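Presented below is the structure to which this report refers.
The values are calculated or read from the model by the stated rules, or taken from the named source; none is laboratory data. Note that the coordinates shown come from a computational prediction; the quantities given were computed from them, not determined experimentally. We place every Cβ from the backbone using ideal geometry, glycine too, and count neighbours over all the protein chains shown. Ligands, DNA and RNA are excluded from the accessible area calculation, which covers all protein heavy atoms including side chains. Shrake-Rupley method; radii C 1.70, N 1.55, O 1.52, S 1.80 Å.
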Amino acid sequence: MPQLPSIDEARATLLAVVRPLEPTNVAVNDALGLVLAEDVSAAHDVPAFANSAMDGFAVRAGQAGQRLRISGESRAGAPYDQTIVDGEAVRISTGAALPAGADGVLQIELVELDGDEAVTLTEAVEPGRNVRDPGTDLRAGAVVLRAGTRIGPAELGVAIGAGRQGVLAAPRPRVAIVTTGDELVEAGAPLQPGQIHDSNGPTLAGLAARAGAEVVGRGHAVDDPEATRAVIAEALDVADVLVLAGGVSVGPHDHVKPALTDLGVEELLWRVALRPGKPTWLGHRGDQLVFGLPGNPVSAYVTFLLFARPALNALQGADATVPRTRATLAVAVPRHPDRDECVRVRRRADGSVEPTGPQGSHVLSSLLGAEALAIVPRGEGDLPAGSDVTLEPV
Ligand code: AMP
Ligand code: MG
């Protein structure tokens, strides 16, 4: 039998056909979770004006012990509109503009107030004390966010601070999820003999959403060639990416591959030297991507992370892969002779990793508490404790 592609070979084959989606202008307030398609630079210094880091009094430097007349107030949003002269102090709030003539602020705790009239400084005020200078957060013209960055809450705040009302960003890839199998029933439905609850549908939808996609359709096909074809055809009408679970093996009740071929989806590869997830099928129809993931819940989850996630990232113009890290195996792990295995691992206090528990491809609970997939390379016998392994983030 010819050698199956490795995880990374399969990924490379897939990513070679991914064409990023056309970016659009999006109101920055709606951009959370999207990937920037342009660099964002600061339209102006942030802060734009010198302002106070404290509630207190703005004064001219070097007047410790002096009693100063309170000549007014600078509040956030309502600056003091005159120039401070020697002998004067201006009440100031955090974030309020430093009045002209002032060069420092003494916080409220370090002054003695004499009613509303005057204030005595208990410490010297050197120039710049408690002053936030313009541009100390963002410098006018400087690139503050790079194209390819996913906009999280912090990036959103920085883009708005940089003066943006809109940003050029990739749209969310439209993903359809199709489950297959006569045995599947909806969550909560009472189980007749041989039935199981469809966990893959909602779980894969969750993974897709977490990868920045919009789930535009959820379908189910019973194990029948016509039904499978009809559900897939409908999904391909609305989706950039179709994720199928189950039915991609070679059993008499696996109808996904013929249906895809019939609908003009071209096979990129079928089967990867991977456990769990060997029967993974990857294909495309023009720019549409199709993932025929194995039905076993862990296999579906793992292969989504290994293949669908990078493709969704690439469609959005982000780095396809999440950087991998390395760790030491706390215990020996059995190796598969000719497939690389993705072992769900958690971290021990010393930083080493251990399997979360039994690793069967049906043991979905092995993903609970899993901090990564440790890639245990194929080989004979155990990979001994103390070995260095590569971790794919979950
Ligand atoms: P298949 O790839 O269709 O041969 O399915 C492999 C295994 O995964 C079988 O035990 C199925 O019952 C199970 N399975 C398939 N689809 C789902 C699903 N949507 N949710 C949970 N288990 C599934
Ligand atoms: Mg099936």
Query raised in the report: How many residues does the range 191-214 contain that are under 21 Å from D30 (Cβ atoms) and in a loop (DSSP other than H, G, I, E, B)?
Result: 3
Query - Members of the range 344-359 that are in contact with a Lys or Arg (Cβ under 9 Å, 6 or more places away or on another chain) and open to solvent by less than 20 Å² (accessible area, probe 1.4 Å) - result: V353
Report task. Those residues that are among the β-branched types (V, I, T) and in a strand (DSSP E or B), I need them from the range 281-328; list them, please. Result -> V290, T325, T328
Query raised in the report: From the residues in the range 355-371 that are over 20 Å from P294 (Cα atoms) and touching a residue at least 24 places away in the same chain (Cβ under 8 Å), which one is farthest from the chain's Cα centre (by Cα)?
Result: P355
**Report entry** Search result, residues across the range 126-155 that are under 23 Å from P310 (Cα atoms) and either in a loop (DSSP other than H, G, I, E, B) or open to solvent by less than 60 Å² (accessible area, probe 1.4 Å) (or both)
**Finding:** L145, R146, A147, G148, T149, I151, G152, E155
Query raised in the report: Do we have I177 as within 16 Å of ligand 2 (Cβ to nearest atom), crowded, with 20+ Cβ neighbours inside 10 Å and not assigned by TED's automatic domain parsing to the domain that holds V105 here?
Result: yes
Query raised in the report: Applying the selection to the range 360-394, what residues are open to solvent by 50 Å² or more (accessible area, probe 1.4 Å) and in a helix (DSSP H, G or I)?
Result: L364, S365
Query raised in the report: In the range 249-269, how many are touching a strand residue (DSSP E or B) at 6+ places or on another chain (Cβ under 7 Å) and over 18 Å from T179 (Cα atoms)?
Result: 5
**Report entry** Options P202, P153, P190, P134; residue that is out of contact with any Phe, Trp or Tyr (no Cβ under 9 Å at 6 or more places or on another chain) and either in contact (Cβ under 8 Å) with a residue 24 or more places away in the chain or under 30 Å from R69 (Cβ atoms) (or both)
**Finding:** P153
Report summary line: Residue pairs qualifying under the 7 Å Cβ cut-off, at least six apart or on distinct chains, with the first in the range 324-335 being surrounded by fewer than 14 Cβ atoms within 10 Å (Cβ to Cβ) and the second being at pLDDT 95 or above and in a loop (DSSP other than H, G, I, E, B), are A332/P384; A332/A385
Query - Considering residues of the range 235-265 that are among the charged types (D, E, K, R) and exposed (fewer than 15 other Cβ atoms within 10 Å of the Cβ) only, the residue farthest from V185 (Cα to Cα) - result: D262
